[in-house]
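**Q** Okay, here's the structure, questions in a sec.
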C-alpha cells in the first residue's frame, strides 16, 4: 500500500483541508484544521467565489435541460483545478505550508441528486453526482485526497444526505449534555446528540425553512436590491402577525415524521410569492411580514424539537448564515427557554466554516477506516466508510 | 487507516478481479487473477453482455446530443450494480469464493474522452469521464475497489490513455528479450518492451487499423449478415492487390510519429466505404478485397515497427480479437521473419481476457502504492499512482 496513506493514518494529529461547494454555487469554502481524536482546531478559513461566467456554466450543468455531456466532463476537471487553487491560495494567505497538510476532504459540487430513485429492472436505483475531479486536487496540491462521499451511503440504501451529522457528533457529542446542532442555511436542519451519544443514537433531519423564505421576501420587497435581512434588523422593527404565522405553521412538511428533507420545491419562490400576496391582502407592513417569517423559522425549529426529539436538548449550538440573524436567535431563545443557546463560534469554529470543517472530519474518518455515515440520518442499512481515496 | 487496505497490501499473493467495458459497449469483461510480484495466474474469465435495452441507453450516454444529466447520474449507479453482479456471477460459476477476492480493479465505461482538451481561462483542460459507480461495486461485493484510472494521468498532463502498457510491462518485461505486445482490436496498438525494460523505457502507440476496416467491409459484402472474417478464412482465399495495398499504406496516420492514437474518425465506415468503391471500380473480388485489407493491417504493424521502434523485437506477443485471424497472423509472421510470433495464450492468458487482466494489475499496483501510468505512452509529465480507492 502507498506508504504515504499509512503515514498519514498513523498520525495522532492530522492537518486536513476541507472543501465544500453548496447548491447556491456561490463559490468554494475551504477550511484548514488540525484534527486529533479529541479535538478539532480551525487554523484558517475562506470562501473563494466563482467567477460569474463559471458560476453560470455550473448552474447550467445542474439542469437536465441545459447540461451537456461534454460540458460535464470539461467542468469536472475545471472545478478540480479551481478547488486545488483555492487550497493553495488559502495556505499562502494564512502562511500555512502546503506540505504541512496531510489530507484533503472535498465534497465537490452536486449537479444532480436523486434520493428517491428511479426504476431499473426490478429495483429502484438511487443516485447522486458531484463534480470537481479529486484526482486533479490530489495532483496539483500533492496531497492525498478523499472525495465523493455520497455514493457509498446510497449504495448502502441511504439517501446520501445529510452527511454533516457525523461531524456534529465528532465535534459536539458530550457525556453529560444532550445537544442539538442547529444549522440555519436556506433550509434549517438539526442534528440531535443525546448524552453519551453513540453513532446509532444520532437523529438528524430538516426542521423546515431557514433563511430561504426570509431572503426571498427581502428580494421581493427591495426589488432585488437587498439579499437578506442583515442581523435581523428589519424583523426587529416589526410585530409578528399571529394568524399568518399559524397558517404557515400548518405546512404539511412540518408535521411529517423524520427522517425527512426539504428544499426549494417546498419553501422556494413559489411559497414566498404566495405569502407575499397574502400579506399584501392583509395590509401587513414589510417589517411585520419579515418579523412573521422570522418567527416562522424560529417556531418551526422549536416545534420540531418538541414533536420529534426524545428529550429537549440541554444546549443548542447554532451554525449557518441564520445564526447571524439576531432577531431569529432571540426568537429561538424565547421558544426554547430551557436550552442554553450557543453557536459553533463558542467552540472556535466560525458558523460559516462549519460545513467545510465537516468534510475535513469526514475525510479524517475515512483515512482512519472509520464508518462515517449516520444511518439514522440518511436511512442507510448500516454504517459504512464513505468516500474515495486518491493516493499521491 | 482502514486495516482492510493495509491487510490487502501486505499480501504476497493477491486475488484481484479486473473489469473492463470497451467503447463497443457490448458488455463487461471480468477476469479473476492471482497476482504476485513475479507472476499473474488467470483463474476465471467471462464476458457478460449487456441487455440490448441497457446497451442502447449507454450508447445514448456517449453522445453529447443525446446524453442527459439525469440519465448519466442514474446509469452510473445502474452500471455499478451490473458490474458487481458480473463479478458475483463469475465467482459462482467458477466456484471461486467471493470472499477470497482481495481487490477489484474496474476501468468503467468511458462515455466521454477529450484528450486534446478545451480552453478554460488561460489553460487547456483535458478531460475524461467513465461511469459504473465503484462505491456500488465495493458495497455489493464487500471488496475494496480501485477504479477511475484515467483522470490522474490527465491531471499529470497525459492523455489518460493508453493504460494497458503498464500491464504489458508487468506481464511480459524480460531481462534478455525485447518484446512487442501487439493488441489487434478494432484499432491495433503496440507496447514495446526493450530488454531489461524500465517503466521509462516503454514505448506504446497505435500502429493503425486492426480489425475495424476488415469488419466494416465484411458487413458491406454480406449485407450485414456477417460481422467478421472468422479465422481469416475469406482472406485466405484471395490474393492481395498490391496497388490498392500501397495506396492504403500512404495513409498519413501511418507516417505520423508516436505517441499517437487513432480511431473511427480515421479508419471507420467512411474509410471503409471509400475502399469498397475503389475495389468495385477495379473489379476486385470480395476474397481479394478482404485479403488486401488483412495485408493492410499486417503491413501497417510491421512498418510501424521498422519506422518507430529502436530495435526489432525478439518476440511479438499477440492479443485482441485479431489474433484469432489465422491469415492475418500468417501475414504478420512473414512481414516480421526474425521475430518469434506468440500470443498471450502462451503465457496462460486468453487473448480476450487480456484487457480485464490489465485492470486487475493496475489496481494491484495502486493498492501497493506503485506508479502505474506510462508517461512514454500517455504523454504525462511523470509517473503517478492512478485510480481512486474505495475502502470497505
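The values are calculated or read from the model by the stated rules, or taken from the named source; none is laboratory data. As the structure is a prediction and not an experimental result, all values here were calculated from the model. Cβ: placed from backbone, ideal geometry, glycine included. Neighbour counts: every protein chain shown.
**Q** In the set A:135, A:106, which member is assigned to a helix (DSSP H, G or I), assigned by TED's automatic domain parsing to the domain that holds residue A:16 and within 23 Å of residue A:6 (Cα to Cα)?
**A** Matching residue, one of A:135, A:106: A:135.
**Q** Of everything in the stretch A:375-392 that's more than 11 Å from chain B (Cβ to nearest Cβ) and more than 30 Å from residue B:386 (Cα to Cα), which residue is surrounded by the most Cβ atoms within 10 Å (Cβ to Cβ)?
**A** Result: A:377.
**Q** With the structure loaded, tell me whether residue B:142 is touching a residue at least 24 places away in the same chain (Cβ under 8 Å) and buried (at least 24 other Cβ atoms within 10 Å of the Cβ) or whether it fails that test.
**A** So residue B:142 does not fit the description; no.
**Q** For the stretch B:30-45, indicate whether the set of residues that are closer than 16 Å to residue B:355 by Cβ, away from chain A (no Cβ under 14 Å) and loosely packed, with under 15 Cβ neighbours inside 10 Å is non-empty.
**A** No: zero hits.
**Q** Can you name every residue in the stretch B:149-164 that is in contact with a helix residue (DSSP H, G or I) (Cβ under 7 Å, 6 or more places away or on another chain) and assigned to a loop (DSSP other than H, G, I, E, B)?
**A** B:149, B:156, B:158, B:159, B:160, B:161, B:162, B:163, listed by residue number.
**Q** Name the residue that is surrounded by the most Cβ atoms within 10 Å (Cβ to Cβ), counting only residues in the stretch A:146-159 that are closer than 18 Å to residue A:109 by Cβ and more than 9 Å from chain B (Cβ to nearest Cβ).
**A** Going through the qualifying residues, I end up with A:146.
**Q** Let me ask something else. Does the stretch B:13-27 include one or more residues that are more than 30 Å from residue B:367 (Cα to Cα) and within 14 Å of chain A (Cβ to nearest Cβ)?
**A** no
**Q** Additional query: In the stretch B:256-277, how many are more than 20 Å from the chain's Cα centre (by Cα) and either exposed (fewer than 13 other Cβ atoms within 10 Å of the Cβ) or in a helix (DSSP H, G or I) (or both)?
**A** 10
**Q** Of everything in the stretch A:223-236, what is modelled with pLDDT of 95 or more, surrounded by fewer than 23 Cβ atoms within 10 Å (Cβ to Cβ) and in contact with a helix residue (DSSP H, G or I) (Cβ under 6 Å, 6 or more places away or on another chain)? Give them in sequence order.
**A** Those that are modelled with pLDDT of 95 or more, surrounded by fewer than 23 Cβ atoms within 10 Å (Cβ to Cβ) and in contact with a helix residue (DSSP H, G or I) (Cβ under 6 Å, 6 or more places away or on another chain): A:231, A:232, A:236.
**Q** Then there's this: With the checklist (1) surrounded by fewer than 24 Cβ atoms within 10 Å (Cβ to Cβ); (2) in contact with a helix residue (DSSP H, G or I) (Cβ under 6 Å, 6 or more places away or on another chain); (3) closer than 28 Å to residue A:310 by Cβ; (4) more than 14 Å from chain B (Cβ to nearest Cβ) in hand, flag the one item residue A:220 doesn't pass.
**A** Checking residue A:220 against (1) surrounded by fewer than 24 Cβ atoms within 10 Å (Cβ to Cβ); (2) in contact with a helix residue (DSSP H, G or I) (Cβ under 6 Å, 6 or more places away or on another chain); (3) closer than 28 Å to residue A:310 by Cβ; (4) more than 14 Å from chain B (Cβ to nearest Cβ), the one that fails is (3).
**Q** Here's a follow-up. Consider the stretch B:362-392. How many of its residues are more than 19 Å from the chain's Cα centre (by Cα) and on the phi > 0 side of the Ramachandran plot?
**A** The qualifying residues number 1.
**Q** Let me ask something additional. Taking the stretch B:172-190 as the region of interest, how many residues are over 11 Å from residue B:211 (Cα atoms) and buried (at least 23 other Cβ atoms within 10 Å of the Cβ)?
**A** Selection size over the stretch B:172-190: 6.
**Q** Something else now. Please go through the stretch B:104-125 and pick out each residue that is surrounded by 24 or more Cβ atoms within 10 Å (Cβ to Cβ) and more than 16 Å from the chain's Cα centre (by Cα).
**A** B:104
**Q** Looking only at the stretch B:75-103, count every residue that is in a helix (DSSP H, G or I), in contact with a helix residue (DSSP H, G or I) (Cβ under 9 Å, 6 or more places away or on another chain) and either within 14 Å of chain A (Cβ to nearest Cβ) or surrounded by 20 or more Cβ atoms within 10 Å (Cβ to Cβ) (or both) and tell me the total.
**A** Going through the stretch B:75-103 one residue at a time, the tally reaches 13.
**Q** Condition check: over 18 Å from the mean Cα position of the chain (by Cα), in contact (Cβ under 8 Å) with a residue 40 or more places away in the chain, farther than 15 Å from residue B:143 by Cβ and within 14 Å of another protein chain (Cβ to nearest Cβ). Does residue B:72 satisfy that?
**A** The answer is yes for residue B:72.
**Q** Within the stretch B:381-391, identify whether any single residue is at pLDDT below 95 and in contact with a strand residue (DSSP E or B) (Cβ under 8 Å, 6 or more places away or on another chain), and answer yes or no.
**A** Scanning the stretch B:381-391, I find no residue that is at pLDDT below 95 and in contact with a strand residue (DSSP E or B) (Cβ under 8 Å, 6 or more places away or on another chain), so the answer is no.
**Q** Report, ordered by the first and then the second residue, all pairs with beta carbons closer than 7 Å, sequence separation of six or more or different chains, a first member in the stretch A:325-337 that is assigned by TED's automatic domain parsing to the domain that holds residue A:240, and a second member that is part of a loop (DSSP other than H, G, I, E, B) and crowded, with 22+ Cβ neighbours inside 10 Å.
**A** A:325/A:229
**Q** Same structure again: Answer yes or no: is there a residue in the stretch B:126-133 that is facing another protein chain (nearest Cβ under 9 Å) and out of contact with any helix residue (DSSP H, G or I) (no Cβ under 6 Å at 6 or more places or on another chain).
**A** So far as the stretch B:126-133 goes, no, none of its residues is facing another protein chain (nearest Cβ under 9 Å) and out of contact with any helix residue (DSSP H, G or I) (no Cβ under 6 Å at 6 or more places or on another chain).
**Q** For residue B:304, all conditions in the list (1) touching a helix residue (DSSP H, G or I) at 6+ places or on another chain (Cβ under 6 Å); (2) crowded, with 23+ Cβ neighbours inside 10 Å; (3) touching a residue at least 40 places away in the same chain (Cβ under 8 Å) hold save one; what is the number of the exception?
**A** (1)
**Q** From the residues in the stretch A:225-250 that are part of a loop (DSSP other than H, G, I, E, B) and within 23 Å of the chain's Cα centre (by Cα), which one is nearest to residue A:328 (Cα to Cα)?
**A** Ranking the qualifying residues of the stretch A:225-250, first place goes to A:229.
**Q** While we're looking at this one, here's another question. Given (1) away from chain A (no Cβ under 14 Å); (2) crowded, with 19+ Cβ neighbours inside 10 Å; (3) touching a strand residue (DSSP E or B) at 6+ places or on another chain (Cβ under 8 Å); (4) at pLDDT 95 or above, where does residue B:340 come up short, assuming only one miss?
**A** Single failed check for residue B:340: (2).
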